[in-house]
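Engineer: Quick one: structure below, then a few questions.
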Amino acid sequence: MYDQLPLDGMPRRLYSCTPSRLNSWLDCRRRYRFTYLDRPQPAKGPAWAHNSVGASVHNALAAWWREPYDRRTPLTAAVLLTNGWITEGFRDAEQSAQWLGRARDYVTGYTGTLDPSDDPVGVERTVATRTRVIAVSGRIDRLDRRGDELVVVDYKTGRRPLTSDDARSSLALAVYAIAASRMMRTPCHAVELHHLPTGEIVEWRHTDESLGRHLRRAEEVATEAATADERYREVMSAAPRPGAASRRSPAVPVTPTRPASPASPGSAATVPAAGEHPGLGQAATEPIAAAGSPGPAASASRSLPGTPYAPATPPAAPPPELDEIFAPNPGPLCSWCDFRRHCPEGRTAAPERRPWDGLAE
Ligand code: SF4
């Protein structure tokens with residue numbers, strides 16, 4: 001059904017990935033290296049408040065479906081949200097409380113539109129599939145059954161209005177539709193973005209052909225990234241052991257530019273290494289920004305609210321060849337990059353943001 005890249009030459013090990021990893025490679029290769037290859041991982045900045053909002057809402061909606069049928073009410077959604085509220089990244093307690101109220105409105109309004117008897121096929125459901133090139137996996141916010149088909153549902157909490165293009169062009173949504181279909185042996189062509197602030201639902205219905213195009217694109221990206229990963233391992237294994245002062249990047253400040261926030265209890269947010277939750281990678285990480293603001297995919301690599309920050313370990317300066325392979329891609333999104341403190345080009349390209357700057361006014 002879905003064509004796959006032909007492999008010429010020797011068989012290659014499957015590239016194991018998530019859609020967030022692939023998107024990270026496309027967005028900025030230096031950030032990809034920081035996120036997935038450098039170990040210890042360079043220290044990230046403190047948590048973003050908009051991530052706290054997104055993760056809190058996602059957690060509450062997931063928990064809501066796990067409640068017994070007669071407790072699936074808007075009031076229960078409000079209680080779940082309040083009990084699991086993540087406070088990291090806000091300016092102060094007053095701002096956190098203000099946003100708790102706003103997010104409570106999101107979940108009560110949204111759950112008020114749901115049929116509590118219509119159990120989803122899955123909630124925060126991990127799906128996976130493989131081709132001859134990739135083994136890809138990830139977690140879907142919600143998987144519905146409508147008639148004879150499955151529907152991938154992704155929650156969004158950002159302020160930016162969504163269009164069907166967002167659903168159509170999402171590699172993650174397409175890959176998850178393919179994976180869900182294969183795992184459940186049930187057709188899955190529809191993908192939906194449920195925008196909590198407005199209650200709008202944006203849908204796209206894929207064809208087998210359009211899903212196949214997304215999968216081939218995923219394989220192409222994976223092939224590039226796998227080649228770069230391989231080169232990284234070769235270069236690093238030949239490089240001197242880290243630790244010598246001379247290998248530290250002179251551009252990297254040793255002192256964090258912002259204080260790390262304390263870990264938040266109760267955070268079950270599950271953003272994979274690069275903020276890969278979020279369901280499909282960005283739901284809980286997209287800044288709650290004014291319309292027209294860039295959707296900082298870079299923030300997908302943010303520490304999860306509730307996840308203790310790594311110590312402020314400056315990365316060793318990579319051999320020059322690696323800096324070419326994993327070149328920076330400076331631009332407006334650098335404002336939201338967790339690793340900008342380690343990236344002179346990114347700091348020059350875009351201003352630093354405060355942890356709560358991704359919230360709407
Ligand atoms: S600051 Fe910008 S250029 Fe630098 S790693 Fe982050 S996203 Fe890439």
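The values are calculated or read from the model by the stated rules, or taken from the named source; none is laboratory data. Since the model is a prediction, treat every value here as computed from it, not as a measurement. With ideal geometry, Cβ positions are generated from the backbone for all residues, glycine too; neighbour counts draw on all protein chains shown.
Engineer: If you go through the stretch 32-54, how many residues are out of contact with any Ser or Thr (no Cβ under 6 Å at 6 or more places or on another chain) and closer than 15 Å to GLU224 by Cβ?
Structural biologist: Total meeting the criteria: 3.
Engineer: In this structure, does GLU209 turn out to be under 24 Å from VAL57 (Cβ atoms) and not aliphatic (A, V, I, L, M)?
Structural biologist: Details: under 24 Å from VAL57 (Cβ atoms): no; not aliphatic (A, V, I, L, M): yes.
Considered against the rule, which asks whether it is under 24 Å from VAL57 (Cβ atoms) and not aliphatic (A, V, I, L, M), GLU209 comes out as no.
Engineer: Do you know which residues across the stretch 313-354 are more than 8 Å from the ligand (Cβ to nearest atom), free of Cβ contacts under 8 Å to residues at least 60 places away in the same chain and assigned to a loop (DSSP other than H, G, I, E, B)?
Structural biologist: Selection gives PRO351, ARG353.
Engineer: Please specify each residue of the stretch 35-63 satisfying the condition of being closer than 30 Å to ASP144 by Cα and free of Cβ contacts under 8 Å to residues at least 24 places away in the same chain.
Structural biologist: Selection gives ALA63 alone.
Engineer: Against the definition (farther than 20 Å from HIS206 by Cα, in contact (Cβ under 8 Å) with a residue 12 or more places away in the chain, surrounded by 23 or more Cβ atoms within 10 Å (Cβ to Cβ) and of a type in the set (D, E, K, R)), how does GLU88 come out, yes or no?
Structural biologist: Numbers: farther than 20 Å from HIS206 by Cα: yes; in contact (Cβ under 8 Å) with a residue 12 or more places away in the chain: yes; surrounded by 23 or more Cβ atoms within 10 Å (Cβ to Cβ): yes; of a type in the set (D, E, K, R): yes.
The answer is yes for GLU88.
Engineer: OK, next. Would you say THR198 is under 28 Å from ARG130 (Cα atoms) and either modelled with pLDDT under 95 or among the polar types (S, T, N, Q) (or both)?
Structural biologist: Values: under 28 Å from ARG130 (Cα atoms): no; either modelled with pLDDT under 95 or among the polar types (S, T, N, Q) (or both): yes.
It is false that THR198 is under 28 Å from ARG130 (Cα atoms) and either modelled with pLDDT under 95 or among the polar types (S, T, N, Q) (or both).
Engineer: Out of PRO11, PRO19, report the one residue that is closer than 30 Å to GLU234 by Cα, modelled with pLDDT under 95 and away from the ligand (no atom under 16 Å from the Cβ). If you could, list the steps in order and put the result at the bottom.
Structural biologist: Details: PRO19 fails: modelled with pLDDT under 95.
On inspection, the qualifying residue turns out to be PRO11.
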